[in-house]
Ligand code: R5P
């Protein structure tokens, strides 16, 4: 039977693109809130006997996880043979250590919850830092799609004489790979975080790069303070307005406007979270990863 794709609200464009690319059927569901704020979900189409997956990117996750889990349960109870999750942005990956006594390892708990509701997971560049592999916290098969090649292709075609700059050591893994694939030089900076919104970045000899266009690459822009600090330093050193590239455009509160006001040039992102900065499509790569988890026509 044709596998089925289901979109959580807001994820319809990616779900439709995956349905087109993989020749799947998108099934209708209802997901809404009761007046008291609780979630209501309903399968509106037949899924019995079919492999299914739900598309739900997980920025602002606290509003999404309860209806997502209820929907996964509804799909399974309606007779789906398997229920996968396509979450182009995977939340809670930065809470991977107890920074202070009494904190909990949120990454592990959220991974356990997701693992108990789904049979497989596809995501794009999760924030792997102290956790080096999703299998350390997820009990289900998972596929990680990497954005470096697409970002590099964008930089190569859209930026004149780029120098790739990683705002911190954690970004080194993305930025060095993007630089390698874009055949561009690369500098990784040192970041000290003093609080949620206080970030200090130090920069080696930028005078080497005055003729270049700085391209800042990071996996996530959330408050944008990491990028803003770097943009500020680069501008003060007389470099051109940096192009800012994020895989995941989380942009908390006024972060996008703040980043522009801080002196950023073009701001672009991959389409893992719908945002006006989306310029780099990961859809074909996500579709290829999803295909690996679906039964073949011969099954
Ligand atoms: C940090 O570990 C990540 O790679 C990003 O640098 C960070 O998440 C960006 O956060 P913000 O935009 O809040 O500075």
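The values are calculated or read from the model by the stated rules, or taken from the named source; none is laboratory data. What you see is a predicted model, and the numbers here were worked out from it, not measured in a lab. Every residue, glycine among them, receives a Cβ derived from its backbone with ideal geometry; neighbour counts consider all protein chains shown.
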What number of residues within the stretch 112-135 are touching a residue at least 60 places away in the same chain (Cβ under 8 Å) and within 16 Å of the ligand (Cβ to nearest atom)? 3
For the stretch 261-278, state whether one or more residues are assigned to a helix (DSSP H, G or I), within 16 Å of the ligand (Cβ to nearest atom) and over 20 Å from residue 173 (Cα atoms). yes
Give the residues of the stretch 239-253 that are part of a loop (DSSP other than H, G, I, E, B), at pLDDT 95 or above and more than 8 Å from the ligand (Cβ to nearest atom), sorted by residue number. 241, 242, 251, 253
When the stretch 79-97 is examined, which residues are found to be surrounded by fewer than 17 Cβ atoms within 10 Å (Cβ to Cβ) and away from the ligand (no atom under 16 Å from the Cβ)? 79, 81
Return only the number of the condition from (1) more than 14 Å from residue 171 (Cβ to Cβ); (2) within 16 Å of the ligand (Cβ to nearest atom) that residue 236 does not satisfy. (2)
Of everything in the stretch 218-233, what is more than 6 Å from the ligand (Cβ to nearest atom) and farther than 15 Å from residue 268 by Cα? Give them in sequence order. 229, 230, 232, 233
Single condition residue 256 does not satisfy, out of (1) crowded, with 18+ Cβ neighbours inside 10 Å; (2) more than 10 Å from the ligand (Cβ to nearest atom); (3) part of a loop (DSSP other than H, G, I, E, B); (4) at pLDDT 95 or above: (3)
Failed item, numbered, when residue 32 is tested on (1) without any contact (Cβ under 8 Å) to a residue 12 or more places away in the chain; (2) closer than 18 Å to residue 113 by Cα; (3) in a strand (DSSP E or B): (2)
Exactly one of (1) under 27 Å from residue 80 (Cβ atoms); (2) part of a loop (DSSP other than H, G, I, E, B) is unmet by residue 131. Its number? (1)
